Amino acid sequence: MLTFKNISIASATALLFVLVAATLFDISYSWCVLIILFWLSFLVWGSSTIQSGFFIKSFSKGPQNLNKIALTFDDGPHPITLSVLELLEKHGAKATFFCIGRQIEKYPHIFQKIIDNGHTVANHSYSHSNNFGFFSSKRVKNELDKTDALIKKQAGKKPTFFRPPFGVTNLHIKKALQKTKHHAIGWNVRSLDTAIESEKAILKRIKARLKPGSIVLLHDTSKKTANVLEQLLIYIKNEKFEAVTVNQLINLEPYED
Ligand SMILES: [Zn+2]
């Protein structure tokens, strides 16, 4: 399996082999540079691809033998969340909201509405800093604890699901999660709803990737997403999919007792 440990052992072994071979035979030391570059490129790929499980075991899809899918909304609560909640209710769908602590403090009533409507709420860090990938494990843990406390204050229970900002993973985040005991939740359908301009193109992209067991990454911070959601929910119904929460899809408890 392509994990940090396996790739590091393989690279170190190759490096040692080249070093010994270069001292005994006419082999160039430049092979060492190539091996280090190979190792580094895996590190970059692994830290930016949560579904790879390179640093952290993550849940990025559910069973493929059932017609269930999970819609997930990141970065709220936000005023747009209200339109998202309305649409989900209209179409009888349940979803999972990965909330930012700072946003919960800003919009506690909207956060409460997500809970009251029966959706799952989960941790998406406190600050959603652009530098989250460079935080120490202590700082990551601090962010998770802070948001857990805010969620517990309103939901009554501590969440067990965490999605790192930007889906970034590394050894510091792994160490923090070992202490906080959160499950890392990824996705296997990236809507790119914050990057793609055309609503039609976003919908087309999701439809092309949606399969039984899919976890779809969306953001309840953009009007565009709310507009796409109505069409997506109609498509989900027509295709006989059932939109459930992540905990229902992967059969894990979303809160601590
Ligand atoms: Zn995010």
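The table for this structure:
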| read-out | value |
| --- | --- |
| The chain, helix-only ellipticity at 222 nm - DSSP H runs n ≥ 4, -39,500 (n - 2.57), divided by all residues, nearest 500 | -15500 deg cm²/dmol |
| ³J(HN,Hα), Karplus 6.51/-1.76/1.60, whole Hz, each residue of region 173-181, x for Gly, Pro | 5, 4, 5, 5, 5, 5, 7, 7, 6 |
| Ranked by how many other beta carbons lie within 10 Å on average, peptides 245-257, 86-98 from highest | 86-98, 245-257 |
| Exposure proxy ranking, count of Cβ atoms within 10 Å, fewest first, for C99, C32 | C32, C99 |
| Highest to lowest packing among 124-131, 48-55, scored as the average C-beta count within 10 Å | 48-55, 124-131 |
| Most to least packed among 223-231, 3-11, 207-215 [average Cβ atoms within 10 Å] | 223-231, 207-215, 3-11 |
| Using θ = phi - 60° and Karplus 6.51 cos²θ - 1.76 cosθ + 1.60, couplings along region 231-241 (whole Hz; Gly, Pro as x) | 5, 5, 5, 5, 4, 4, 5, 4, 7, 6, 8 |
| Sequence-distant residues sharing a close amide H with Y255 (under 5 Å, placed H) | T160 |
| Shape of region 26-162, Cα gyration tensor, a/c cut at 1.5 | prolate |
| Antiparallel bridge percentage (DSSP; both residues within the chain; nearest 5) | 10 percent |
| For the chain: relative contact order, % (alpha-carbon pairs under 8 angstrom, 6 or more apart) | 28 percent |
| Euclidean distance of C-alpha centroids, region 238-257 and region 114-128, integer Å | 14 Å |
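Throughout, read-outs are computed from the coordinates displayed, never taken from laboratory work. Owing to the predicted nature of the structure, the values given are computational and were not obtained by experimental measurement. Glycine gets a Cβ as well: all are built from the backbone with ideal geometry, and neighbour counts include every protein chain shown.
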